[in-house]
Amino acid sequence: MAASDALVEIRGLNKYFGANHVLRDIDFSVARGEVVCVIGPSGSGKSTLLRCINLLEQPQGGTVVVNGEDLTDPDCDIDAARRHIGMVFQQFNLFPHHSALDNCVLALMTVLKKKRPEAERIARGNLERVGLAEKMDAYPGRLSGGQQQRVAIARALSMGPDLMLFDEPTSALDPELVGEVLAVMRRLAGEGMTMIVVTHEIAFAREVADRVVFMDGGGIVEQGKPSQLLSDPREPRTRDFLKRVLKPAESED
Amino acid sequence: MSSPDNGAAPRRRLSPRRRAQRIRAVQYAVLIAVIGAAVLFADWSQVGRTFFDPGLMRDTVAHGLWRALWNTLVYTAGGFVIGLVAGTLLALMRLSDVAPYRWLATIYIEFFRGLPALVVFMAFSLLPLAFPGLAMPWPPYGTVWAALGIVGSAYMAETIRAGIQAVPRGQIEAARSLGMTSGQAMWQVTLPQAFRIMIPPLTNELIMLIKDSSLVFIVGLSAANFDLTKFGRAAANSNVNITPLVVAGLGYLIITLPLSIIVRRMEASASKGR
């Protein structure tokens, strides 16, 4: 892909937690409109990589360029840059003291300085988009995990992001609630949203992703089209991981 | 400890429920003995006259109780507001990235938490010695508010810090990922949740301040500015009877009991919102 249509451009990214070297010289880019799924064993650094893209984690080396702006530059207005990068967390992280609607309205008013009526109009539209028109006034505590995660997606979408980051969005959900969240994400991908999804849902990656990235030990081991990587991986580590994930009952250790 | 070793214990022990039954019986016996002793040995008519003289009660209520109650409320409210604002500031300083701020806040908190409120009031009333010409605004309120605020803020700072730290990290991350500045995240997301967590301990501190406001007598007051305690004591002294002090004590309950009820309601509605 040409550099010009890359929305995310990461070069030489290094991240340490103390002495622990969690990201090792990562080069990674995502084109506008592309849906990338990042898979890998726990501790492989995939969530940290995602969190470096909106600088929730501060990398020690390398550059992260989003939308042509170098976020690692100390002069970069990181708050302004984050407005265009939506993030969805494993634990939803909804604001428990606000209704579903106000969860979406809050940043529209405080960050984008919208007036209340306009903020509510945008928020309603996005809650309808994730199928929660009836739950607008409910507080997060009254919603199921799946509904909470859809509110979280609506909250991120309300800011009108160019890029959506999903950090294991279905890992905290009961199995029967995973489908409704994946359906929203699938629709979003179909609408052309640029998405980076850290996930364990191999079936979702196979169906929705344009590209799958396999990470292990703080580095990208292999990446490619889902049909190739998930069915016929080149690297033994990828093959081993997929075997464990797809056929957990047959694992030997 | 008391578990039988393989059933080899020779002596039969009481079952836990039997033992609890006997302990309860002993507790009731002690209570009855104490009440019996009080009934037998105290001169109740004398106690009644000195503590609960009905005529003097009416007199106390009619002559200045409400004024004193109001003064206590005003002293406490001002001190609490100053304490809350300063306490929030101190809590933020304790959580600051700038190390000297953390040190300063820690020193302040440890100093004023360790000091009796009485000493702070004394120091405040003597402050003009160090700063000749210093005049606190709105005498005597300025001095009382400042003294109560200083004592209260040291306690409240620790409560507020604990409340802020009890808000999960993910909340701040969510706010920041939406583009909020760290200040906006603090005011819009962290503090509203932290204050909910802090309601019960802050109420305790408010009640403590209400009681500490009784120390205003050190500042030196004219009769119109008497708080409940000073008012009750003056009336008790002039009548040589404890009744006015009992009435003043009941005045404190008039403040604190509704407060407890309101706070319980707030907690209930806050837990609904979560």
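Readers should treat all values here as calculations from the given coordinates under stated rules, not as data from a laboratory. The structure presented is a predicted model; accordingly, all values stated were derived computationally and were not measured. Cβ sites come from the backbone with ideal geometry, for glycine too, and all protein chains shown count toward neighbours.
The single residue among A:50, A:56 that is within 14 Å of chain B (Cβ to nearest Cβ), under 13 Å from residue A:168 (Cα atoms), surrounded by fewer than 24 Cβ atoms within 10 Å (Cβ to Cβ) and aliphatic (A, V, I, L, M) turns out to be A:50.
For residue A:117, only one of the following conditions fails: (1) surrounded by fewer than 19 Cβ atoms within 10 Å (Cβ to Cβ); (2) without any contact (Cβ under 8 Å) to a residue 24 or more places away in the chain; (3) at the interface with chain B (Cβ under 9 Å from one of its Cβ atoms). What is its number? Residue A:117 satisfies all of (1) surrounded by fewer than 19 Cβ atoms within 10 Å (Cβ to Cβ); (2) without any contact (Cβ under 8 Å) to a residue 24 or more places away in the chain; (3) at the interface with chain B (Cβ under 9 Å from one of its Cβ atoms) except (3).
Residues in the stretch B:250-267 that are small (Gly, Ala, Ser) and within 15 Å of the chain's Cα centre (by Cα): B:260 only. Contact map, the stretch B:121-137: first residue among the hydrophobic types (A, V, I, L, M, F, W, C), second residue assigned to a loop (DSSP other than H, G, I, E, B), Cβ cut-off under 9 Å, separation 6 or more or different chains; pairs are B:123/B:115; B:124/B:136; B:127/B:134; B:127/B:136. Against the definition (out of contact with any strand residue (DSSP E or B) (no Cβ under 7 Å at 6 or more places or on another chain), surrounded by fewer than 19 Cβ atoms within 10 Å (Cβ to Cβ), away from every other protein chain (no Cβ under 14 Å) and closer than 23 Å to residue B:112 by Cβ), how does residue B:204 come out, yes or no? It is true that residue B:204 is out of contact with any strand residue (DSSP E or B) (no Cβ under 7 Å at 6 or more places or on another chain), surrounded by fewer than 19 Cβ atoms within 10 Å (Cβ to Cβ), away from every other protein chain (no Cβ under 14 Å) and closer than 23 Å to residue B:112 by Cβ.
The single condition among (1) facing chain B (nearest Cβ under 8 Å); (2) within 29 Å of residue A:178 (Cβ to Cβ); (3) surrounded by fewer than 22 Cβ atoms within 10 Å (Cβ to Cβ) that residue A:122 does not meet is (1).
A quick yes/no check of all residues on (1) more than 12 Å from chain B (Cβ to nearest Cβ); (2) closer than 17 Å to residue A:105 by Cβ; (3) surrounded by 22 or more Cβ atoms within 10 Å (Cβ to Cβ):
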position	(1), (2), (3)
A:129	yes, yes, no
A:150	yes, yes, yes
A:155	no, yes, yes
A:200	yes, no, no
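Considering the stretch A:174-253, the qualifying helices (runs of 4 or more DSSP H), each wholly inside and each with 2 or more residues that are of a type in the set (Lys, Arg) and under 27 Å from residue A:24 (Cα atoms), run over A:236-246. Out of A:73, A:5, A:79, one residue alone is farther than 24 Å from residue A:187 by Cα, loosely packed, with under 15 Cβ neighbours inside 10 Å and charged (D, E, K, R). It is A:73.
Right, residue A:166: among the aromatic types (Phe, Trp, Tyr), more than 15 Å from the chain's Cα centre (by Cα) and buried (at least 17 other Cβ atoms within 10 Å of the Cβ) or not? Here the answer is no, as residue A:166 does not meet what is asked.
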